[in-house]
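Trainee: The structure that follows is given in the form of structure tokens.
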Amino acid sequence: MQNFSIALLIFTQCFNEVSTLSFKPPTTCAHSRMYGTTVGNTPEAFLYKTILHASTEPNNDEKDLDVGEIYSNPLTSFLGNFIGSKDEKMEIGDKEQEKIVQLDDFTKPKAFNLPIGEMVKRLDAGIRENEWFVTGKVMSELFADDFLFKDPDVQLRGIEKYADGVNRLFDQNTSRVEVISCELNPAITDTVNKEMGASIDDDKFVQVVTVEWRLSGNVNIGPFGGLFIKPYICYSDLHVRNADGLIVYQEDRFDIPGWDILLSAIAPWLPFLAPPAPSVSVILQRKADDGNN
């Protein structure tokens, strides 16, 4: 039965790879921080343009985002049924209830048109303090009302929906965000704006801030009380729109494939899986050593 479950998981992931049109960002990223080429006039590029520039006549494909998340594969959609609701979280024991994070009230005035250097500083300090990629304790004043989030498994619209989603997904007792770097990413910024045909004076021009961070802990997903996730490295590309200086889009990418993350959670003994990400101190030391060579 165990072997059948693993085979079914692998099949589902492979089926998703060949049967689902999965949106790709304008570039891809390796752990070495070397970025790939643009996608040109592909359906993915067209979708990216549609998402980034919300028009008065929204794309029909986005309508589902108004009522919930869009999952990119059936396995993720199935497991998502086992994530507890807000009310269910409030019914848990007193010990765990103390760990529930109070989220932003989402009524703060927007911090329009911050200089990009100030935006980077606020993001760096806020994520390090609040670890909002797992807690959901975001700084909502930095995000546009039409904010869109996407990672390899799910996409959703709205910063409040994003904050609630990650707060419910990640176990608040064990999950951690450890920031490695938070900086303006000229390579992706240049690539995105070339794709859009945008100059620096255009309202549609964006500047991309990339946060590199280490994820660890447990997720509240699956029918058996949650799963331990092997530590791995995430890259969050935050697109700051020129028109108002707010974050309009976030794309999360991982340094290992999704099937590795899933298999590591249910069958960590498999010999072909990537090792856990090293500690942040080790990663920073390696970067320092590379810089000195």
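Trainee: Write down the accessible area per residue of the stretch 147-274 in Å², having rolled a 1.4 Å probe over the full set of protein chains.
Mentor: On a per-residue basis, the stretch 147-274 sits at 36 Å².
Trainee: Roughly how many percent of the accessible protein surface of the stretch 143-220 is carbon and sulfur, given a 1.4 Å probe and a whole-percent answer?
Mentor: Values: 1280 of 2800 Å².
The nonpolar share, carbon plus sulfur, comes to 46 percent.
Trainee: Using modelled amide H (1.01 Å from N, peptide plane; none on Pro or chain starts), what sits under 5 Å from the amide H of Phe170, excluding residues fewer than 5 places away?
Mentor: Distant-sequence amide H within range of Phe170: Asn220.
Trainee: Another question about this same structure. First measure r as the distance between the Cβ atoms of Arg286 and Thr107, then evaluate 1/(1 + (r/R0)^6) with R0 = 35 Å and state the FRET efficiency to the nearest 0.05.
Mentor: 0.25
Trainee: So, one more: Listed here are the pairs Lys110/Lys137; Lys108/Lys137; Lys150/Lys287; which of them are more than 20 Å apart at the Cα?
Mentor: Lys150/Lys287
Trainee: Here is a further query. What list of ³J(HN,Hα) values in whole Hz, one per residue of the stretch 178-195 in order, does the Karplus curve 6.51 cos²θ - 1.76 cosθ + 1.60 (θ = phi - 60°) give from phi, with Gly and Pro shown as x?
Mentor: Calculated HN-Hα couplings, in order: 10, 6, 9, 7, 9, 7, 4, 10, x, 5, 5, 4, 5, 5, 4, 6, 5, 4 Hz.
Trainee: Sorting check: for 261-270, 157-166, 108-117, which peptide has the highest mean count of neighbouring beta carbons within 10 Å, and how do the rest follow?
Mentor: For the peptides 261-270, 157-166, 108-117, the packing ranking is 157-166, 261-270, 108-117.
Trainee: Let me ask something additional. Would you check the accessible area of Leu227, probe 1.4 Å, heavy atoms only, in square angstrom rounded to 10?
Mentor: Roughly 50 Å² of Leu227 is accessible to a 1.4 Å probe.
Trainee: Could you pull the accessible area for Glu131 with a 1.4 Å probe, rounded to 10 Å²?
Mentor: Counting only protein heavy atoms, Glu131 exposes about 30 Å² to solvent.
Trainee: Another question about this same structure. Does the stretch 145-293 come out rounded, prolate or oblate, given a ≥ b ≥ c as the square roots of the eigenvalues of its C-alpha gyration tensor, rounded meaning a/c under 1.5 and, failing that, prolate meaning a/b above b/c?
Mentor: It comes out oblate by the Cα gyration axes.
The values are calculated or read from the model by the stated rules, or taken from the named source; none is laboratory data. This structure is a prediction, so every number in the text was calculated from the model and none was measured. Glycine gets a Cβ as well: all are built from the backbone with ideal geometry, and neighbour counts include every protein chain shown. Ligands, DNA and RNA are excluded from the accessible area calculation, which covers all protein heavy atoms including side chains. Shrake-Rupley method; radii C 1.70, N 1.55, O 1.52, S 1.80 Å.
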